[in-house]
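Following: one structure in structure tokens, then a few remarks.
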Amino acid sequence: FYGVIEISSVPLSVMNQFKNNKHWIKAYPELFGMVKMAFALSFLLVRVVLWTPFYWSFFANASMLLYSSENATTIVILALFNLSSLVLTFLQYYWATKVISAVMNAVRGGERKEKK
């Protein structure tokens with residue numbers, strides 16, 4: 001699953017290319033908007049919706065392995081691995097709140113333009 005999770009990096013890279021070339025945004029504003037939405041949807045789908053059940057199943061298994069291990073080196077490695085994977089997962093959730101906020105602002109901005 002680790003390779004699949006990176007699929008949201010493709011629209012992110014395109015979005016960053018737009019941001020690095022501001023004249024592209026002016027020339028292709030609709031395309032830029034579609035790229036941003038493609039990133040938001042792919043990020044939320046892959047890194048939150050699909051990742052969550054996979055991760056918690058993995059975390060439970062890794063925790064059982066940690067609990068049942070008798071080797072000190074294995075315990076340290078698994079403990080660090082579990083801790084880092086937990087931190088990175090919650091970082092994904094934090095980024096998801098940022099992505100959702102950006103989508104909501106874009107929708108609200110579109111509503112304001114339509115009302116004017």
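What follows is calculated from the coordinates using simple rules that are stated; it is not laboratory data. Bear in mind the structure is a predicted one, so any value in this text is a computation, not a measurement. Ideal geometry is used to build each Cβ from the backbone, glycine not excepted, and the neighbour counts take in all protein chains shown.
Before moving on, here are some points about what is shown:
- Calculated mean residue ellipticity at 222 nm for the chain: -28500 deg cm²/dmol, from DSSP H runs with n ≥ 4 weighted as -39500 (n - 2.57), summed, divided by the residue count and rounded to 500.
- More than 18 angstrom apart: percent of Cα pairs within segment 57-101: 40 percent
- For segment 54-65, 3J(HN,Hα) per residue [Karplus equation, 6.51 cos²θ - 1.76 cosθ + 1.60, θ = phi - 60°, Hz, x = Gly/Pro]: 4, 5, 5, 5, 4, 4, 4, 5, 5, 5, 5, 5
- Once you reduce segment 18-39 and segment 59-76 to the center of their Cα atoms, the two points are 46 Å from each other.
- D by Stokes-Einstein for segment 1-100, Kirkwood Rh over Cα pairs, 25 °C, 0.890 mPa s: 157 µm²/s.
- Pairs of lysine residues in the chain - Cα separation under 25 Å, sequence separation of 8 or more or cross-chain: 16
- Length released on extending from S68 to V103, taking residue separation times 0.36 nm less the Cα-Cα span: 8.2 nm
- Dipole in debye (nearest 20) - the chain, about Cα centre, beta carbon charges: Lys, Arg +1; Asp, Glu -1: 880 debye
- Note on T52 and K19: with the Förster distance fixed at 35 Å, the Cβ-Cβ geometry gives a FRET efficiency of about 0.75.
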